[in-house]
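First the structure, which I've put down as structure tokens, then a few questions once you've had a look.
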Amino acid sequence: MQHCHRHNHRRPITAAAANFKLFINDSTKMTTKLLLAFAFCRLIATVGLNMGPTAELPRLGIDGLLSVDPSDVQIASVDFGLMTRNPPLAVLHPASADDVARLIRAAAAAAAAEEEGEYGGFTVSARGHGHSINGQTQTGNGVVIEMNGGGRRHRRGGERSSPPQPVVAEREKFVDVWGGELWIDVLKSTLGYGLAPRSWTDYLYLSVGGTLSNGGISGQAFNHGPQISNVHELDVVTGNGEIIKCSNEENPDLFHAVLGGLGQFGIITRARILLEPAPERVRWIRVLYSNFEAFRKNQEWLISLHAKPENEKFDYVEGFVIVDEALINNWRSSFFSPANPVKISSFNNKPDGDVLYCLEITKNYHESASPTVDQEVEALLKELDYIPESVFTTDLAYVDFLDRVHKAELKLRSKGLWDVPHPWLNLFVPKSRIADFDRGIFKGILGNNTSGPILIYPMNKHKWDPRSSAVVPEDDVFYLVALLRSALDNGEPTQSLEYLSDQNHQILAFCAKEGIKVKQYLPHYTTEREWAEHFGDKWPEFQQRKMKFDPRHILATGQRIFPPFTTVNTAVSR
């Protein structure tokens with residue numbers, strides 16, 4: 001692969017430093033002012049904005065806030081994974097898509113100048129709620145755009161400006177939302193109209209643009225598909241700095257590229273999300289299995305009912321694996337009563353040893369239909385082969401069910417167990433090899449220590465649009481297996497970051513050795529060969545789309561797919 005050479009031919013920055021105006025409040029201490037000035041001068045020195053073809057960033061007409069405040073930089077330098085730290089040169093809190101476009105145009109111009117050997121280029125990464133695991137939203141050589149409502153807090157001169165609020169089209173059943181909007185706020189905005197999005201993630205404190213750049217999955221995906229299958233239209237700022245509206249009918253190549261595109265082709269500034277009538281209540285049921293084959297068959301049967309009428313299927317199908325007795329009563333399983341904890345040892349005749357499998361299902365309903373819910377649930381449960389005495393049921397408001405993980409988060413935060421490293425591993429496993437995966441991983445590599453929940457549930461491939469950038473296994477049905485572990489510095493070797501990271505490598509090595517063609521969800525690779533293998537037949541198209549929509553590779557460099565500041569002529573391996 002050819003790489004463009006980095007140049008350091010920069011001119012004096014005295015004038016730029018003299019014009020340093022980054023909206024510092026008069027009450028700010030002088031020491032903080034000096035730190036900000038130093039960091040800003042570093043940004044100018046890096047990108048050569050004073051003399052080059054682009055204007056200084058503070059003069060771009062940005063309505064939001066371009067900040068080098070240490071607290072902003074610190075937040076943008078880490079993510080939920082807490083396994084990497086990469087401070088950006090500055091942080092942009094945009095007030096509009098125009099702010100995003102102005103910054104990207106400046107970055108593209110600076111990258112073009114670098115190609116001529118004149119000025120340093122800089123990269124741009126969008127950050128929603130910062131829930132990435134391996135630094136995908138970070139950049140140490142550029143600007144992080146804080147999409148999550150930053151423009152609602154800041155504006156030059158003390159005035160307030162904000163990204164657009166959600167706009168609900170009640171009759172057409174869709175909502176237009178800012179790309180940095182959190183799903184919990186999308187839900188709040190639509191419930192006032194008796195509507196809600198159809199497809200969710202388990203955790204609602206994620207940004208719309210973030211989940212649409214990956215897929216967006218939860219227990220509704222078998223029925224409605226992932227979140228990327230429930231989008232009507234997008235506004236995207238490409239790597240060329242253009243704001244482009246796209247959909248299935250208008251600019252479809254960009255539309256499908258961005259969905260599941262890992263931020264490589266543009267930044268989503270608006271999404272039009274499909275809505276449905278929101279239920280009022282949820283019947284939430286968990287049943288246990290001691291036999292994986294029975295568990296697998298029942299899950300696959302349940303998702304095969306997707307085309308049935310609402311009263312003949314469940315609305316949500318997930319599950320998790322229990323290889324550690326403590327896990328069944330942990331934060332993810334707080335469904336069970338603390339006063340009456342469930343013990344694995346209480347279930348006899350376990351053909352799969354000390355491993356249990358929990359099926360998690362829900363039935364949505366309105367208060368007026370509550371008399372029929374019991375009958376519908378009972379009819380479906382009669383077809384399942386779970387342990388008879390293991391039925392656990394609760395009933396709650398729809399919002400409370402959707403927001404269940406956030407409540408668990410608050411519990412963990414109170415115990416100091418949230419802000420810890422998270423060496424998560426999320427895999428799509430083909431149905432044809434899920435039994436082999438069970439034997440090798442759940443009953444093999446993991447042992448009886450997991451340090452976190454293990455989700456497992458199937459999805460229907462035909463609910464995923466093959467035109468999107470997202471990749472899934474070849475089988476018509478595939479499973480998500482999500483090892484959501486937390487690394488703790490508590491002296492227990494099996495809960496350390498080193499141990500869990502090594503275990504992840506063992507799992508991937510096992511799959512490779514056994515020929516189990518898994519696909520990583522929220523993928524993390526470091527070489528072009530690995531990325532090419534990940535995308536498979538989609539890789540040539542993925543490269544072509546990159547050349548078209550971000551030819552200088554300035555976007556989302558934290559994904560480590562393409563080297564930055566590389567033109568079309570030098571980007572592709574020969």
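Given K297, K313, K308, which one is free of Cβ contacts under 8 Å to residues at least 12 places away in the same chain and out of contact with any Gly (no Cβ under 8 Å at 6 or more places or on another chain)?
Selected residue: K308, the only one of K297, K313, K308 that is free of Cβ contacts under 8 Å to residues at least 12 places away in the same chain and out of contact with any Gly (no Cβ under 8 Å at 6 or more places or on another chain).
Which of the residues that make up region 345-370 are open to solvent by 30 Å² or more (accessible area, probe 1.4 Å) and either at pLDDT 65 or above or of a type in the set (G, A, S) (or both)?
Residues satisfying the conditions are S345, S346, G353, D354, N364, H366, E367, S368, A369, S370.
Then there's this: Just for region 477-509: of the residues that are open to solvent by 60 Å² or more (accessible area, probe 1.4 Å) and not in a helix (DSSP H, G or I), which one is farthest from L302 (Cα to Cα)?
That would be G491.
Which residues, taken from region 510-526, are modelled with pLDDT of 95 or more and either open to solvent by less than 20 Å² (accessible area, probe 1.4 Å) or not in a helix (DSSP H, G or I) (or both)?
C511, G515, I516, K517, V518, K519, Q520, Y521, L522, P523, H524, Y525
Across region 427-454, what is the number of residues that are surrounded by 20 or more Cβ atoms within 10 Å (Cβ to Cβ) and more than 13 Å from V323 (Cβ to Cβ)?
So the count comes out to 7.
If a residue has to be open to solvent by 50 Å² or more (accessible area, probe 1.4 Å) and either touching a Pro at 6+ places or on another chain (Cβ under 7 Å) or not in a loop (DSSP other than H, G, I, E, B) (or both) to count, how many in region 59-75 make the cut?
So the count comes out to 5.
Which residue pairs have Cβ atoms under 6 Å apart, sit 6 or more places apart or on different chains, and have a first residue in region 360-377 that is in contact (Cβ under 8 Å) with a residue 40 or more places away in the chain and a second that is aromatic (F, W, Y)?
If the second residue must be aromatic (F, W, Y), the pairs left are I361/F314; T362/W284; T362/Y316; K363/F314; V373/Y365.
Please return the ranges of helices (runs of 4 or more DSSP H) entirely within region 183-227 where 3 or more residues are among the small types (G, A, S), assigned by the TED database to the domain that holds F401 and modelled with pLDDT of 95 or more.
Helices (runs of 4 or more DSSP H) meeting the threshold: none at all.
Report yes if F437 is within 28 Å of F314 (Cα to Cα), in contact with a strand residue (DSSP E or B) (Cβ under 8 Å, 6 or more places away or on another chain) and not in a helix (DSSP H, G or I), otherwise no.
no
OK, next. Among the residues of region 76-107, which ones are part of a helix (DSSP H, G or I) and crowded, with 19+ Cβ neighbours inside 10 Å?
The answer is A76, A97, D99, V100, A101, R102, L103, I104, A106, A107.
Taking the condition open to solvent by less than 10 Å² (accessible area, probe 1.4 Å), over 24 Å from G135 (Cα atoms) and outside any helix (DSSP H, G or I), does P458 pass?
So P458 fits the description; yes.
Restricting attention to region 261-277, does a residue exist that is aromatic (F, W, Y), open to solvent by less than 10 Å² (accessible area, probe 1.4 Å) and part of a strand (DSSP E or B)?
No.
The values are calculated or read from the model by the stated rules, or taken from the named source; none is laboratory data. Keep in mind that what you see is a predicted model, and the values were worked out from it rather than measured. Cβ: placed from backbone, ideal geometry, glycine included. Neighbour counts: every protein chain shown. Please note that ligands, DNA and RNA were not included when accessible areas were found on the heavy atoms of the full protein model with its side chains. Shrake-Rupley method; radii C 1.70, N 1.55, O 1.52, S 1.80 Å.
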